[in-house]
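The structure appears below as C-alpha cells.
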Amino acid sequence: MFALTKPASAIFRLYANCILQKGYKNYLICDLQRQQLRHIPPTLYFILSRYKDRPADYIKEQFEHQHDDMIDGYFKFLCDNDLGFYCSSEELKLFPELELSFDYPSGITNAVIDLSKNSPFRLKDAFWELALLHCRHVQLRFAEGFSVTEIASLISSTEKHALDSIELVIAYYPSISKTELDELYAQRFVSAIHVYNVPAGKQHALKERGVKDRVFVHRHNIVEKPVTPDLSKLKINITLFCESQKHHTYFNRKLYIGNNGQIKNAPECLETFGTINDDRNLSEVITGEAFQRYWHVRKKHTDICKQCEFMHLCIDGRIPHQRPSGEWYHETECSYNPFIGKWKSESGYKTLAESGITSNAEGFKINYRKLNKINNYG
Amino acid sequence: MILIISQVDDKTTDSVVNWIKYRHGNVYRINSCDRITITRISFEPATEILFCINNRVLLNTRDVSAYWYRRGLKEDLIGKTTAFNGPEQLNKLLLKYQRENALVLMDFLFAILENTKNRIGSINNATNNKLLHLSIAKNLGLHVPSTLVCRHKNKLDAFTSGRSIISKSLSNGFFYEEEEPQNGLKNTYGLYANEVTERDLERAREPFATSLFQENILKRFELRIFYLRGQFFCMAIFSQQNKRTAIDFRKYDEERPNRTVPLNLPAAVQRKLRLFMKTVGLDCGSIDMIYGKDGRYYFLEVNPVGQFGMVSYPCNYKIERVVAEMLMQ
C-alpha cells in the first residue's frame with residue numbers, strides 16, 4: 001500500500017465495486033464484491049461525492065484546513081478497510097466506474113409453479129413452455145398429497161429441459177423421511193427444499209443436517225400464508241444492483257403459474273393473463289405490455305424506496321401502484337423505515353405514519369416537525 | 001450453425017450458448033468427452049466433411065457458419081481404437097497406426113472448420129510456449145521481467161544479486177486433488193509462482209532441474225486482460241495488500257479476496273499487445289501483466305484457453321454476450 005508515502009497530490013479513489021448509496025438518514029458504501037455494507041458519516045459521503053477525483057490537499061483546503069486530521073482519518077479508515085486506494089492524477093483515467101447495465105439471456109429468468117392433485121395441466125408441459133422462454137430457474141410448490149418419490153419422478157425430465165435450479169416446496173406427510181429428502185436434495189439441479197406444515201415435534205428429525213444445506217422446515221403453510229421475506233437479509237451483489245437500476249427486482253421477468261393453470265406475474269398478484277391451456281403460447285403472453293407492467297418500475301421512482309439507502313439491494317414483492325402523475329407507491333409498509341433508519345425489529349422503530357410520512361393514492365407528504373423531533377434534529 | 005468446441009464443465013461456454021439460444025441462434029457444442037468419427041470427405045465441387053458425434057448426430061462442415069474453439073484437445077475427441085490379436089510388437093504398431101490415421105482425419109477436419117470466415121480461437125493453439133512468448137514480447141517493445149532459465153546455483157546467485165526472485169512453471173502446471181478426503185475435505189494442490197528463498201537454495205540439488213526464474217516486480221496491481229479480435233477487456237487486481245496473494249493472485253484468500261476492478265488500458269500498451277497477438281497468431285486469449293511501482297506495464301504471459309468469466313463478471317463486461325454476438329454475425 002502506498003498510503004504511507006503518498007504525495008500531497010495523491011487522489012483517493014473508491015474501488016469501482018464500492019458504490020456510495022444515500023438514504024434519507026443514512027449513508028453507505030456498498031461493497032458489491034465482498035457483499036458487505038459500510039455505514040459512513042454524512043461528511044465522508046459529502047467528501048467522496050462532491051470532491052471525487054480531487055487530491056487530499058485540495059479537500060483540506062475546502063475545509064480551510066480546520067479538519068485535516070478528520071480528513072486523513074477518513075481516508076485511512078477507507079484504506080485500512082480496503083475500500084479504496086490512492087493514485088496520481090495521471091492514473092485516474094485508468095480506473096473507470098463500474099458499468100451498471102443489466103442484461104440476461106432469458107425472456108423469463110425465474111418462474112413459480114403451484115401444483116395440486118387437481119391441476120389441469122402437466123408439469124412437463126409447463127417445463128416445455130418455460131424452456132421456450134429460456135427460463136432456467138424454477139420454484140415448484142406442491143399442495144398436499146405429493147410424496148417425495150412422486151416429486152422426484154415428476155422432475156426427472158428436468159435435465160432434458162436444461163433447468164439450472166429447482167426449489168421444491170413440499171407438504172409434510174407422516175411417512176416422509178430424512179433419507180428420501182437427502183436423496184432428493186442430492187440431485188444436481190435441486191437448489192433448495194422447503195417442507196411446510198411440519199409439526200413441532202418432527203422438525204428436528206427432518207432438519208438435522210449440515211448448516212450449508214438448503215433444506216428448511218416450516219411449521220405453517222408457507223404457500224397459503226407466505227412468510228414475509230426478511231428484507232434485512234439484503235442481497236449485495238453486482239447482478240441485483242444492476243438489475244435494480246432500471247427494473248423491479250421482484251417482478252422483472254418473473255412468471256407464475258397457479259395450480260389451476262392461471263398465468264400471473266407473481267403468486268401475490270390478482271390479475272391473470274389466461275391459463276396455460278389456452279391456445280396462445282406463453283411467449284405471446286409475456287411479451288405483452290400488460291404482462292410486463294411491473295417489470296420496469298424503478299425504486300427511484302417509488303415513494304419511500306427512493307429515499308432508502310438499501311434501494312438497490314432489496315427484493316421486495318409488494319405490488320406497486322401508480323398515481324396519475326406517474327410516481328409509484330405501496331399500500332403497505334416494508335420492514336425498514338429509511339426516514340428514521342430503523343428496522344421493525346429494532347428498538348425505537350416507528351412506522352411511516354408515526355414518523356410523519358404519508359404515501360398513498362393522493363400523494364406523498366412529510367410532516368417535518370414530527371420527523372425532525374424523532375430524529376433529534378431539533 | 002454455430003459450432004463450439006469446449007469441455008463439459010466450462011461455465012463460460014454454458015453462458016455463451018445461453019446467449020445464442022436466447023437470440024434464436026442455432027448452435028452445436030462438442031465437448032472433450034464426445035467422440036468424433038469422420039464419415040465422408042468429398043473434394044468436389046468443394047471440400048465437405050460429414051462427421052458423426054458419439055455415433056448419434058451427423059454434422060456437415062458446409063453447414064457451419066461460425067466456429068469457436070474454447071477448450072479441449074484434438075486427441076481426446078478421437079474414438080476408441082480397435083484391439084488386435086497378434087504378436088505384441090505388431091499390435092503396438094497397428095494401434096499406433098490407427099491413431100495416426102485418426103489424427104490425419106481430425107487434423108483435416110479442424111483445418112476445414114477453422115477455414116470458416118467467422119472463427120474465434122484455434123485448436124492448434126491449445127498450448128502456449130511461455131519462453132517463446134516472452135522473447136517475442138520483448139522484441140516488440142513490451143516490458144518483461146528480467147528472466148533467467150538455468151540449472152546451476154552460481155548462475156542463479158549471480159542473477160539474484162540481492163533482488164527478490166520468483167520461480168515459475170515452464171509449462172501450464174497442474175492441479176492435484178487428493179483422492180481421499182481428509183476430515184471430509186479433499187485438498188487441492190496447485191503450482192503457483194513462489195519467491196525463491198535462502199532455504200530453497202540450500203535444499204536444492206546441484207545441478208537442479210532446469211527452471212524458470214524471474215525478477216519479482218514490485219507491483220501496484222496486476223492486470224488480467226481478455227483479448228478478443230482486437231478488443232481488450234481489462235481488469236486490475238489489487239493483490240499487494242494481502243501477503244498471501246502478493247505473488248500469485250490465484251492463491252487467493254477466501255475471506256478477503258483481492259480487489260477486482262475494471263481498467264482502461266492505455267492506447268500505447270494496447271497497440272503493442274495487438275501486434276504481439278498478431279505475431280503469435282492468436283485472435284483471443286487471457287493476458288497476464290503487472291503494473292509496476294515504476295509505472296511500467298510488464299507482460300507476463302498469455303493463455304489462449306484461459307478463463308475470462310473471472311474478468312467478465314466482476315467488471316460487468318458481459319464478454320459472453322460479446323462472443324455470442326460475434327458468432328451470430
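Each reported figure results from applying straightforward, stated rules to the coordinates on display, with no laboratory input. All figures in this text were calculated on a predicted structure; none of them were measured in a lab. Virtual Cβ from ideal backbone geometry, glycine too; neighbours counted across all protein chains shown.
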Rounded to the nearest 20 debye, dipole of segment A:1-145 from Cβ charges on Lys, Arg, Asp, Glu: 540 debye
Partner aspartates and glutamates for A:Lys306 [C-alpha distance under 12 Å; skip if fewer than 8 residues away on the same chain]: A:Glu327
B:Lys11 versus B:Tyr192: modelled label distance in nm, points set 7 Å from Cα along the beta carbon direction: 2.0 nm
Candidate lysines - alpha carbon under 22 Å from B:Lys92, same-chain residues fewer than 8 apart omitted: B:Lys74, B:Lys80
Cα-projected label distance for B:Leu103 with B:Asp76, points at 7 Å along beta-carbon direction, nm: 1.8 nm
Karplus (6.51, -1.76, 1.60) ³J(HN,Hα), θ = phi - 60°, over segment A:73-81, in Hz, Gly and Pro reported as x: x, 4, 5, 5, 4, 5, 5, 4, 8
Angle between chain B longest axis and helix B:88-113 axis [Cα atoms, degrees, rounded to 10]: 90 degrees
Global geometry of segment A:204-333, whether rounded, prolate or oblate, following the gyration tensor of its Cα atoms and the 1.5 cut on a/c: oblate
Peptides A:124-135, B:85-96 ordered by average Cβ neighbours within 10 Å, highest first: A:124-135, B:85-96
Cα point-scatterer Debye curve for segment A:252-291, base-10 log of I(q)/I(0) at q = 0.21 Å⁻¹: -0.57
Backbone HN-Hα couplings from phi across segment A:278-287 [Karplus 6.51/-1.76/1.60, Hz, Gly and Pro as x]: 4, 5, 5, 8, 4, 4, 5, 4, 6, 7
A:Ser88 paired with B:Ala204, simple spin-label distance in nm, labels 7 Å along Cα-to-beta-carbon: 3.5 nm
Degrees, to the nearest 10: B:130-139 long Cα axis against longest axis of chain B: 70 degrees
GNM result for chain B, Cα springs below 10 Å: residue of B:Asn101, B:Asn125, B:Asn303 fluctuating most strongly: B:Asn101
For chain B, built as a Gaussian network whose Cα springs stay under 10 Å, the top-fluctuating residue of B:Phe299, B:Phe110, B:Phe208: B:Phe208
Relative contact order of segment B:44-112, pairs being alpha-carbon contacts under 8 Å that are 6 or more residues apart, as %: 26 percent
Separation between Cα centres of segment B:177-221 and segment B:88-150, rounded to whole Å: 27 Å
Over segment B:260-329: Kirkwood hydrodynamic radius from C-alpha pairwise inverse distances, Å: 13.6 Å
Max mean-square fluctuation residue, GNM over chain A, Cα-Cα springs under 10 Å, options A:Lys178, A:Lys254, A:Lys93: A:Lys93
Shape category assigned to chain A from the gyration tensor of Cα positions, a/c cut at 1.5: prolate
When each of A:Lys76/B:Lys293; B:Lys219/B:Lys318; A:Lys52/A:Lys299 is checked by Cα-Cα distance, pairs over 31 Å: none
Rg ratio (alpha-carbon, reference 2.2 N^0.38 Å) - chain B: 1.14
Estimated [θ] at 222 nm from DSSP helical runs (n ≥ 4, -39500 (n - 2.57)) normalised by residues in chain A, nearest 500: -5500 deg cm²/dmol
Diffusion constant of segment A:260-320 at 20 °C, which comes from Stokes-Einstein with the Kirkwood Cα-pair radius and 1.002 mPa s, µm²/s: 160 µm²/s
The protein assembly as shown, dipole about Cα centre (Lys/Arg Cβ +1, Asp/Glu Cβ -1), debye to the nearest 20: 880 debye
Rg over Rh [alpha-carbon atoms, Kirkwood Rh] for segment A:115-164: 0.95
Mean separation of Cα contacts under 8 Å (6+ apart) over length of chain A, as relative contact order %: 15 percent
Candidate aspartates and glutamates for bridging to A:Lys344, where Cα separation is under 12 Å - those fewer than 8 sequence places away on the same chain excluded: A:Asp230, A:Glu333
Which of A:Phe273, A:Cys18, A:Tyr45, positive extreme of dipole for the protein assembly as shown (C-beta unit charges): A:Tyr45
Integer Hz, Karplus 6.51/-1.76/1.60 couplings in order for segment B:52-63, x for Gly and Pro: 10, 9, 6, 6, 10, 10, 9, 10, 10, 4, 4, 8
FRET efficiency, A:Ala186 to A:Arg219 (Cβ-Cβ, R0 45 Å, nearest 0.05): 0.95
C-alpha long axis of helix A:123-132 to longest principal axis of chain A, angle in °: 40 degrees
Residues A:Glu97 and A:Glu64, FRET efficiency given R0 of 25 Å [Cβ-Cβ distance, rounded to 0.05]: 0.25
Global geometry of segment A:302-378, whether rounded, prolate or oblate, following the gyration tensor of its Cα atoms and the 1.5 cut on a/c: oblate
Percentage, to the nearest whole number, of Cα pairs in segment A:21-123 over 17 Å apart: 68 percent
Average beta-carbon neighbours from other chains, 10 Å sphere, peptide A:92-105: 5
20 Å binning of all Cα-Cα separations within the protein assembly as shown, expressed as whole percents from 0 upward: 13, 39, 37, 10, 1, 0
Nearest-20 debye value, chain B charge dipole, Cβ charges on Lys, Arg, Asp, Glu: 880 debye
